[in-house]
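These notes concern the structure reproduced below.
The values are calculated or read from the model by the stated rules, or taken from the named source; none is laboratory data. Since this is a predicted model, take the numbers as computed values, not measurements. Glycine also receives a Cβ, built like all others from the backbone with ideal geometry; neighbour counts cover every protein chain displayed. Heavy atoms of the whole protein, side chains included, go into the accessibility calculation; ligands, DNA and RNA do not. Shrake-Rupley method; radii C 1.70, N 1.55, O 1.52, S 1.80 Å.
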Amino acid sequence: MKSWWKMFLVVGLVAGVLAACSGNSGNGGDESSGDEGGEPSGEITVWGWNVAAESMELAVDGFKEQYPDVEVKVEDIGRLDVYEKLTVGLASGGNGLPDVVMVESDRLANYYDQFPDALTNLSELGYDDHKDKFGEYKQSVTQNADGEFFAAPWDVGPTGVFYRTDIFEEAGVNPEDIKTWDDYIEAGKTIKEKTGTQMVPIDIAKDDALYRMMLNQQGAYYYDEEGNIDVTSEESKKAFEVIQQLENEELVLNNDGWNGVVSATVNGEVATVPFGVWYSGTIKDQAPDQDGQWGVFQLPAFEEGGNRAANLGGSDLVIPSSTDNQGAAYAFVEYFTTEVDPQMKALKEKGIFPSLNSAYEEEFFSQESEYFSNQQIYKLFSEEVADIPVANYTADYARAFDTMSDTQASILLDGTKIEDALQNAAEKLKSETGREVTE
Amino acid sequence: MKNVSPLKKTLLYFFLFVGVIVSVFPFYWMFVGATNPSGEIFKVPPNFFPGTHGWENFKNLNENVGIIRVMGNSLLITLTFTALAAIICTAAGYAFAKFQFKGRNQIFFMLLVAIMIPYHVTLIPLFEIFSNVGWLNTFQAVILPQAAYPFAIFLMRQNMQAIPDSLLEAARVDGAGEFHIFFRIVLPVMRPALAAVGIFLFMFQWNNFIWPLVVLQSQDMYTLPVALSSLVGMSRIDYGQVMMGTTLSTLPIMIFFLLLQKQFISGILGGSVKE
């Protein structure tokens, strides 16, 4: 009998410990009570990642001045972790989801297509009033086929080529003369010859960022506006021809992963890095001693006078339908995306670039950036935003991203002919997604 | 070693030395990264010496993710889990190995099948169960689902089979109850296996990522891997903080292993019975 008592003791102890751990069991704003009709009140929980979450944190004070009865709790979660949690939550019918979630623009369609009823229709809450405050590109990614907002536009990633002013000077290359990709390749050859530095870092096997920028710049993307597979397009061929030529001239530094690209940037192994505006923050953070050695110019065009604007990255806010405090959630989303003040805080302190047009009128945008050789870099990027062509990311963005990164590797590393490689990619995407291939 | 020629000895030490460098350097580099500001890690030539930025990194990390609280969470969850799972898995393994009951082999077969189910398949149903019970964002939600860890049960069963039946029978003849036998005879004999399974369970829960990520909702409840993962954003990563976090998450595993290492070496089954 004695041993039975011991067993009970053990079980009891374990249960006790478990009960002790269960403090703070509130999940995503369960306690909040949305006031029907009246002023929003209660508590809302918001998910975001890293600097984006910190930007939302910065906006809370200003928000509370307008809505003193709403408590905002920002949870800082890893970027990919947000998606993991969001997918599980949406798949289980909205369990455990917060009131507001940040999602990258190129992933939005994926969630909207899979769970169309799980995201709040913002147009029904009046977001259409803000429609004209955003550029065409940003509108298109946050609206469904009927032109209704299912997400609120937040930041945007106008692209540019970040370059090392000292290396360009040493090679005698004037960045203002680089107007087309041909000029870019020529400049690369000169720089390589004079300084031994390579032109551009690419994570060949895993990231097709440069290709995506080039597609977007030409008004194309993985899929056309009807959602058909468009990787065999003329634009797609042209983009890979440029990338292949860069590789043939040995101007590409093949990097392993994000850390590899950052490391190459900081160590002066490359003279330029074409990326979204957000990369300016990365350079400043990781190479604080290269003050005044960096500059920016817009992506070179495919032909003289062609479009030099494109987008890479950017994110938006959605409100899961499962929220029990829609009023407060919408109030926060509206404040955070359409008021100038939170945009400027995010830009000045976290380097996140707003898509709200009225923000660009702020004096800050005409300032010269000391780090970037006294260039007006924010002005350059803000003027680019209106010209960013629309891109149809679709729900199968991730598949195309993987396939095209593989395609990039097969073209650059295995020497597959561009036409063949693109044809293969289109076939593969067709069998994976069931979409048609454009002629 | 007495008769080994000096040449052989030199070679031996040379390779051992290289081996030690290869396995220790990453840890050293982690430590260097943890004590330097973020930018230093990418410098060429690299900085090979620990810096003085460690405290700064730690402070930032604590401000950012509340690392002290998070480490406490991880320790509490992992230790509770390890103790609980070790008891359950040992008892289950013992039952499978030493008791005859109806359907034993069928149940064991199902257990083996359970090992092969990918974790993502059970993720959403499990999440729904815990959310219906209202246990989202609690520690028990992290601890309970894997407390009967199939692989650990399997491991314990295989080890238990080595216990001679005559030993158990002798105990029964002497009038010991079943629980007495389990706690007084089986467990002591099983110490090395228990230590191995314990380390295994500890490592599993300490590194467990997807489930705690999904089920824990607020930052003050996070475990270490979940909190560290939140440091990696879109384009800006403070590598000093990341390295400091990794260092802190590696230390307990090292300590736990060193504590139980003796069990591996000293525990011997022989001697408990003479046949």
- Starting from segment B:14-106, pick out the trypsin sites (Lys or Arg not before Pro) whose DSSP state is loop and whose Cβ has at most 14 other Cβ atoms within 10 Å. B:Lys102
- Message: If you fit an axis through the alpha-carbon atoms of helix B:67-98 and take the longest principal axis of the Cα set of chain B, what angle between them do you get, 0 to 90°, nearest 10?
- Response: 20
- At a Förster distance of 51 Å, what's the computed FRET efficiency of B:Arg184 paired with A:Asp117, Cβ-Cβ distance as r, to 0.05? 0.30
- Cα-based helix-to-principal-axis angle, A:181-195 vs chain A, degrees rounded to 10: 80
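Please get the size of the charge dipole for segment A:335-438, origin at its Cα centre, with Cβ charges of +1 on Lys and Arg and -1 on Asp and Glu, quoted in debye to the nearest 20. Please report the intermediate quantities before stating the final value.
On the way: 9 positive and 20 negative charges, 59 e Å.
Value, rounded to 20: 280 debye.
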- Message: Going by amide H atoms built from the backbone, whose H comes under 5 Å of the H on A:Gln198, apart from near neighbours?
- Response: A:Ala271
- Could you check the simple spin-label distance between B:Ile253 and B:Val113, using points 7 Å along Cα→Cβ, in nm with one decimal? 3.3
- For residues of B:216-222, the mean tally of beta carbons on other chains within 10 Å: 6
- Query: Modelled label-to-label distance, B:Asn62 and B:Leu75, 7 Å Cα→beta-carbon offset: nm?
  - Reply: 1.4
- Message: Under the rule of at least 5 residues apart or a separate chain, name every residue whose amide H is placed under 5 Å from the amide H of A:Ser41.
- Response: A:Asp35, A:Ala328
- Query: Taking a 1.4 Å probe, which of A:Lys194, A:Lys189 shows the most accessible area, and what order do the others take after it?
  - Reply: A:Lys194, A:Lys189
- Label point distance in nm, B:Ser23-A:Ser431, each placed 7 Å from Cα along Cα→Cβ: 4.4
- Rounded to a whole number, the Stokes-Einstein D of the protein assembly as shown in µm²/s (Kirkwood radius over Cα pairs; 25 °C; 0.890 mPa s) is 85
- Dipole magnitude of segment A:266-392 about its Cα centre, charges +1 at Lys/Arg Cβ and -1 at Asp/Glu Cβ only, in debye to the nearest 20? 200
- Would you mind giving the mean number of other chain beta-carbons within 10 Å of the Cβ of each residue in B:84-96, as a whole number? 1
- Note on the structure: Whole-Hz Karplus couplings 3J(HN,Hα) for segment A:424-439, θ = phi - 60° and coefficients 6.51, -1.76, 1.60, Gly and Pro as x, run 4, 4, 5, 4, 4, 5, 5, 6, 7, 10, x, 7, 7, 9, 5, 6
- Angle between chain B longest axis and helix B:104-116 axis [Cα atoms, degrees, rounded to 10]: 10
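Please compute the net charge surrounding B:Phe209, taking Lys and Arg as +1 and Asp and Glu as -1 over other residues with Cβ under 10 Å from its Cβ.
With Lys, Arg at +1 and Asp, Glu at -1, the net is -2.
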- Task: Kindly rank A:305-313, B:167-175, A:407-415 from highest to lowest mean number of other beta carbons found within 10 Å of each residue.
- Result: A:305-313, A:407-415, B:167-175
- For segment B:55-266, the Cα convex hull volume per residue in Å³ comes to 149
- Note, ³J(HN,Hα) from phi for segment A:381-392, Karplus 6.51, -1.76, 1.60, rounded to Hz, x at Gly and Pro: 5, 5, 6, 7, 3, 4, 8, 5, x, 6, 10, 9
- Item | In order through segment B:217-225: 3J(HN,Hα) via Karplus (6.51 cos²θ - 1.76 cosθ + 1.60), integer Hz, x for Gly, Pro | 9, 10, 4, 6, 9, 4, 9, 4, x
- Query: For chain A, what is the relative contact order in percent, using Cα pairs closer than 8 Å and at least 6 residues apart in sequence?
  - Reply: 26
- Query: Rounded to the nearest 500, what is the protein assembly as shown's calculated 222 nm mean residue ellipticity when only DSSP H runs of at least 4 contribute -39500 (n - 2.57) each, over all residues?
  - Reply: -17000 deg cm²/dmol
- Task: Quote the convex hull volume per residue of segment A:157-244, based on C-alpha atoms, as a whole number of Å³.
- Result: 117
- Would you mind putting A:148-154, A:356-362, B:25-31, A:163-169 in packing order, based on average other-beta-carbon counts within 10 Å, highest first? A:148-154, A:163-169, A:356-362, B:25-31
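Listed here are the pairs A:Lys133/A:Lys345; A:Lys350/B:Lys43; A:Lys131/A:Lys284; A:Lys179/A:Lys350; A:Lys237/A:Lys417; A:Lys350/A:Lys379; which of them are more than 22 Å apart at the Cα?
Over 22 Å apart, Cα to Cα: A:Lys350/B:Lys43; A:Lys131/A:Lys284; A:Lys179/A:Lys350.
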- FRET efficiency estimate (nearest 0.05) - Cβ-Cβ, B:Phe14 to A:Asn144, R0 60 angstrom: 0.35
